[in-house]
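Reviewing the structure listed below.
Rule-based calculations on the coordinates, nothing more; no lab input. All of these numbers come straight from a predicted model, not from anything done at the bench. A quick note on method: Cβ atoms are made from the backbone with ideal geometry, for glycine too, and the neighbour counts reach across all protein chains shown.
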Amino acid sequence: MKSYREELWFNVPQRRAFINITPQVEECLRKSGIREGLLLCNAMHITASVFINDDERGLHHDYEEWLENLAPHEPISRYWHNRTGEDNGDAHLKRQVMGREVVVAITNGKLDFGPWEQIFYGEFDGGRRKRVLVKIIGE
Ligand code: ZN
């Protein structure tokens, strides 16, 4: 069995963003040389997500509104977490809803997606360097 590991780095200038990272993940898969197996992709930070859905602007706008309704950034004082001096209580909750990781089957050297599936990095507390792990196992 082969294995491959790579970290993808991001520095999103705005507080929140959704970025389609499918091309970078496919490049990891190409470099791994693995044709049959499993690919794990996870955010390495507790205020960011990796998830799979459609690359459609309206949907991303809907996510933004839905998450901001669930866990508004402000007022910062509404979150107990922010009593530690942080201001990202909302970002922890948004990450929990949107998930930590995805696992994708690799078949014949390709990500074995369903229709319209793409992999996204969800940033909820940007303005600093953060990482995503890609781990691939198979043969
Ligand atoms: Zn925090």
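How fast does the chain diffuse by Stokes-Einstein, in µm²/s, taking the Kirkwood radius from C-alpha pairs at 4 °C and 1.567 mPa s?
Working: Rh = 15.8 Å.
Stokes-Einstein gives a translational diffusion coefficient of 82 µm²/s.
When a/c reaches 1.5 or more, the comparison of a/b and b/c decides; with that in mind, is the range 72-133 rounded, prolate or oblate per its Cα gyration tensor? Don't skip to the answer; put the middle values down first.
On the way: a/c = 3.66, a/b = 2.81, b/c = 1.30.
It comes out prolate by the Cα gyration axes.
Suppose the chain between TRP9 and ARG83 were pulled fully straight at 0.36 nm per residue; how much longer would it get relative to their current alpha carbon spacing?
Numbers: separation 74, 0.36 × 74 = 26.64 nm, distance 2.91 nm.
Full-extension gain reported as 23.7 nm.
Consider a paramagnetic label point 7 Å from the Cα of TRP66 along Cα→Cβ; state which residues of the range 7-34 have an amide N under 18 Å from it.
Under cut-off, by backbone N: 16-20.
Can you check what the net charge comes to around PHE124, using other residues whose Cβ is under 9 Å from the Cβ of PHE124 (Lys, Arg +1; Asp, Glu -1)?
After counting each charged neighbour, the total is +1.
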